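Single-structure report; data block below.
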Amino acid sequence: MPAPDPKRSPQEPRGYLPRLESEWYRGSAVVFWTHTIDRRSTGWLDAPFHAVFRELLLHAAAREHLLCPIYTLMPDHLHLVWMGVSGASDQRRATAFLRAQLKPHLAPAQWQHQPHDHVLRDEERKRGVFASTCFYVAENAVRAGLAAKAPAWAYTGCVVPGIPRCTRSPRISGKYSGGFTPPPSLAAAPGKSKTKVRSRSPAAMARFNRP
C-alpha cells in the first residue's frame, strides 16, 4: 500500500468522481464499492440476475485474486467489499470487467458512468471497524424498509473463490453478518503488501465473522 495521506489522481476526466492513484487499488487493498444504476432505474433486480451476478463476481474475483466478504444488491444500486489477496490483485481492472459483463443483464437499465469507491485505510481495516463496514452493507435493506431483518433480504451474500458453500453467517454478537470464515489454507496466503499491517491478512479481517 502506498504512503499515507494519498492524493487524488489528476488523470481522471472532468465530470468524474475523483479517484486515487491506481496503486491504491492493487495488492492487498480493501475497498468498499458502490455501483449505482443510471437515473436510479429499477426493475432489473430478481433471482435470475442475482445468480448471474454471483457467477460473474466469482469470475472477477478469480481473475484478479480477490475475496468478496460481503455484497448486497438493492433495487437501484449495489454495494460490495473486495479484498486483495495477492500482489497481482487489481480492483480497478476487476471492476471494469464486472461492469462490462453485467451490462447486458441490466438492460434496458444502465450503470451510472462511474462507481463510487472508498479505500479502507489502516485504521479502518482493524477488526471492529472493518466489521462495522460489513454490518453497514448487510443492513442496507433494513434501512431502506425492504426487510425487517438483514437475513431476510435474499440479495446479500459473499463470494470466495474455492469455497462454493460460502454463505452468510446468520449472527455475530446479536447482529447479522454477511461475511465468511476462511479455512487455514486460504488464510495462510494473504499476499504481499508494501506496508506491513497486522490486520491485513484475510484471516485477521474475517475473524470478526466467526460465530
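The values are calculated or read from the model by the stated rules, or taken from the named source; none is laboratory data. In this text the structure is predicted, and so the values were computed from the model without any measurement. Counting neighbours? That spans all protein chains shown, and the Cβs are built from the backbone with ideal geometry, glycine included.
Okay, residues lined up against (1) in contact with a helix residue (DSSP H, G or I) (Cβ under 6 Å, 6 or more places away or on another chain); (2) buried (at least 22 other Cβ atoms within 10 Å of the Cβ); (3) at pLDDT below 95:
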site	(1), (2), (3)
ASP76	yes, no, no
ALA94	yes, yes, no
ARG99	no, no, no
PRO108	no, no, no
GLU124	no, no, yes
ALA148	no, no, no
PRO161	yes, no, yes
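Under the condition of being assigned to a loop (DSSP other than H, G, I, E, B) and more than 15 Å from LEU102 (Cα to Cα), the residues counted in segment 76-89 number 5. Got at least one residue in segment 163-172 being modelled with pLDDT of 95 or more, among the basic types (Lys, Arg) and over 28 Å from ARG26 (Cα atoms)? No. Is it the case that some residue within segment 126-140 is among the polar types (S, T, N, Q), part of a loop (DSSP other than H, G, I, E, B), out of contact with any Gly (no Cβ under 7 Å at 6 or more places or on another chain) and surrounded by 15 or more Cβ atoms within 10 Å (Cβ to Cβ)? Looking for residues that are among the polar types (S, T, N, Q), part of a loop (DSSP other than H, G, I, E, B), out of contact with any Gly (no Cβ under 7 Å at 6 or more places or on another chain) and surrounded by 15 or more Cβ atoms within 10 Å (Cβ to Cβ), one finds none in segment 126-140, hence no.
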